[in-house]
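Values in this text are rule-based calculations from the coordinates and carry no lab data. Keep in mind the model is a prediction, meaning the values are calculated, not measured. Don't worry about glycine lacking a Cβ; one is built from the backbone with ideal geometry, like all the others, and counts go over all protein chains shown.
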Amino acid sequence: MALKRPVFKPYIQQQILALPPTLEELIPQGHPVRVVNEVINRLNIEPLLEAYNIRGSSSYHPQMLLKVVVYGYVTNNYSSRKLAAACKESIYLMWLSAMSYPDHNTINRFRGVRLKNALRSVFEDVVKLLAEEGLLSIEEVNTDGTKIEANANKYTFVWKKSIATNKEKMARQLTEIWTYAQQVAAEEDKMPEPPDFTSIDSEKIKATVDQLNEKLAGKEDIDKKIKNKLKYVTKNYPVNIAKYEQQEAILEGRNSYSKTDKDATFMRMKEDHMKNGQLKPGYNVQISTSNQFIVNYTIHSNPTDTNTLSTHLTQHEASFGKAPEVLIADAGYGSEENYTLLEQKGTIAFVKYGMFDKEQNENYNSKHPFAANKLFYNQEKDCYICPMGQQMNYIGTSIKRTSTGFEQTVRRYQAGNCANCPMNGACHKSKANRIIEINENLNRLKQKAHERLNSEEGIERRKKRCFDVEPVFGNIKQNHGFKRFMLRGKEKVEIEWGLVAIAQNLRKKAA
């Protein structure tokens with residue numbers, strides 16, 4: 001009996017097909033690459049064409065390069081070198097590029113230079129196309145932010161406090177040498193009082209150093225330590241103060257920056273593997289979403305969400321012609337400045353303030369019975385009544401300015417006699433008579449926000465925000481591994497995040 005042998009399908013590598021298949025046939029219907037191709041074919045790429053010169057040799061078509069880069073971000077391929085290799089290896093990118101093989105320099109230059117002035121327009125067109133299809137709303141958005149690490153060295157940094165400390169040391173050193181010069185100067189050559197070193201600059205340092213050298217350089221009986229200090233000051237201080245002024249100009253009010261990406265600020269990241277609260281250079285990325293599609297994005301060097309909303313809304317207006325009709329956000333945006341801004345723009349705001357969640361707890365209210373907002377206000381006499389029935393009379397108004405320059409008007413009220421009050425110590429901790437500060441406009445805005453957030457619509461929108469905007473960041477960072485920018489500088493980072501946003505929207509459309 002003959003042995004049975006296994007049967008295999010034909011395997012002939014050199015087989016020539018009579019009708020070879022096309023790449024089109026190899027791409028499944030409904031594949032994300034078809035969504036990328038379809039959407040980008042519908043976009044207006046005229047702004048992108050303006051980035052190219054009329055003269056010179058022919059270039060790869062920008063529409064093709066845009067498809068390649070966007071599809072790379074859709075499939076978590078963020079490296080220009082890997083994209084260049086994939087154009088020769090992946091049937092999807094070979095189909096998109098029509099068998100073109102751009103090298104990594106071409107892809108990187110397209111992403112970092114050509115897209116600089118056009119990507120925002122491309123992103124807006126994608127959002128408008130999705131809105132026309134009914135997939136998202138431009139008028140009703142959820143806003144949130146996250147920190148993403150910059151492509152910068154976390155050990156090469158400049159701190160605002162360090163500059164201030166060094167300038168204080170310079171001022172003390174100069175004052176010490178000046179005081180010594182006053183002591184040894186001849187009566188007819190008596191030096192005046194030291195200059196005011198509260199603030200110092202290059203001109204003041206130069207003038208002071210020159211004057212000290214003029215008075216002390218020619219004298220032979222100078223203290224050796226002072227002589228060495230003057231020599232060090234003359235050599236280093238003019239150079240150092242110039243360096244500090246240059247660093248302060250780069251800081252632009254920030255607390256820090258990285259020397260390898262001067263637009264990046266040191267921030268606390270959620271991805272803290274060492275659990276030691278280490279600061280890393282990064283950017284504060286703000287997005288507005290609708291149905292988990294990104295409608296608007298902005299990049300900020302400021303780590304605080306509160307100060308980003310104004311710029312974010314301005315970008316929304318520039319992109320779509322008007323501010324959103326409805327905006328939902330968490331307590332990080334609940335400030336008097338933001339509430340006022342949203343009110344002025346006519347936006348219905350479902351935005352929490354700092355203590356909103358705690359105020360929903362009855363135990364919290366019972367633990368703080370003497371808080372200023374619990375006191376009775378007598379409108380006729382313009383006074384508050386303390387827990388013991390004593391009047392707290394109006395004593396004046398003060399104007400406070402926030403870090404952004406926004407003015408807050410605060411009315412102050414003071415009790416007449418707290419010394420003999422049996423509630424002293426429980427009502428307040430001050431040794432003097434209790435003073436409370438009342439911001440009437442903020443109280444009005446918080447009351448308005450409280451009523452709106454606790455309405456049926458407000459409760460529903462608060463619930464929806466948690467599974468609308470927050471999962472977008474989770475999807476981008478965890479599922480698609482985008483936790484660190486590859487490009488440096490705010491302009492290029494904006495381009496990179498724009499590509500991430502477009503990729504998120506197209507992935508969501510293809511799902």
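Results, tabulated for the structure shown:
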| read-out | value |
| --- | --- |
| DSSP-defined beta bridges in the chain - what % are antiparallel, rounded to 5 | 85 |
| Surface/4 estimate of mean projected area, convex hull on alpha-carbon atoms of the stretch 280-418, nm² | 12.5 |
| Sequence ranges 199-208, 309-318, ranked by mean other-Cβ count within 10 angstrom, highest first | 309-318, 199-208 |
| Net +/- balance of residues flanking Glu133 in space, Cβ distance below 14 Å, scoring K and R +1, D and E -1 | +1 |
| Separation in nanometres of the label points that stand 7 Å from Cα toward Cβ, at Ser79 and Phe467 | 3.7 |
| The stretch 23-117, Rg to Rh (Cα coordinates; Rh as Kirkwood inverse mean 1/r) | 0.95 |
| Added length on full extension, which subtracts the Cα-Cα distance from 0.36 nm per residue, Tyr394 to Ala432 | 12.1 nm |
| Helical mean residue ellipticity (222 nm; -39500 (n - 2.57) per DSSP H run of 4+; nearest 500) of the chain | -13000 deg cm²/dmol |
| Gyration tensor verdict on the stretch 274-344 (Cα atoms; rounded if a/c is under 1.5, prolate if a/b is larger than b/c, oblate otherwise) | prolate |
| The chain shape via C-alpha gyration tensor axes, a/c threshold 1.5 | oblate |
| Hydrodynamic radius of the stretch 402-511 per Kirkwood, over alpha carbon pairs, in Å | 19.8 |
| Calculated FRET value between His450 and Lys243, using beta carbons and R₀ = 41 Å, to 0.05 | 0.25 |
| Principal axis dimensions, largest first and in whole angstrom, of the stretch 158-257 by Cα | 48, 22, 17 |
| Length released on extending from Thr314 to Gln29, taking residue separation times 0.36 nm less the Cα-Cα span | 98.6 nm |
| The stretch 374-439: translational diffusion in µm²/s, Stokes-Einstein, Kirkwood Rh over Cα pairs, 20 °C, 1.002 mPa s | 166 |
| Cβ crowding within 10 Å averaged over residues, with 58-64, 444-450, 487-493 ranked highest first | 487-493, 444-450, 58-64 |
| Nitroxide proxy distance, nm - points 7 Å out along Cα→Cβ at Lys225 and Asn291 | 7.6 |
| Label point distance in nm, Ile459-Glu252, each placed 7 Å from Cα along Cα→Cβ | 4.5 |
| Peptide ranges 383-392, 335-344, 48-57, 7-16 listed from the most packed, as the mean C-beta count within 10 angstrom indicates | 335-344, 383-392, 48-57, 7-16 |
| Modelled FRET efficiency - R0 41 Å, Asp103 with Arg401, Cβ distances, 0.05 increments | 0.20 |
| Stokes-Einstein translational diffusion, the stretch 133-199 - Kirkwood Rh over all Cα pairs, 0.890 mPa s, 25 °C, in µm²/s | 137 |
| Set of the stretch 470-511 residues, backbone N closer than 19 Å to the point 7 Å along the Cα-Cβ line of Asn41 | 506-507, 509-511 |
| Segment Leu49-Ala164, extension gain: residue separation times 0.36 nm, minus the distance between their alpha carbons | 36.7 nm |
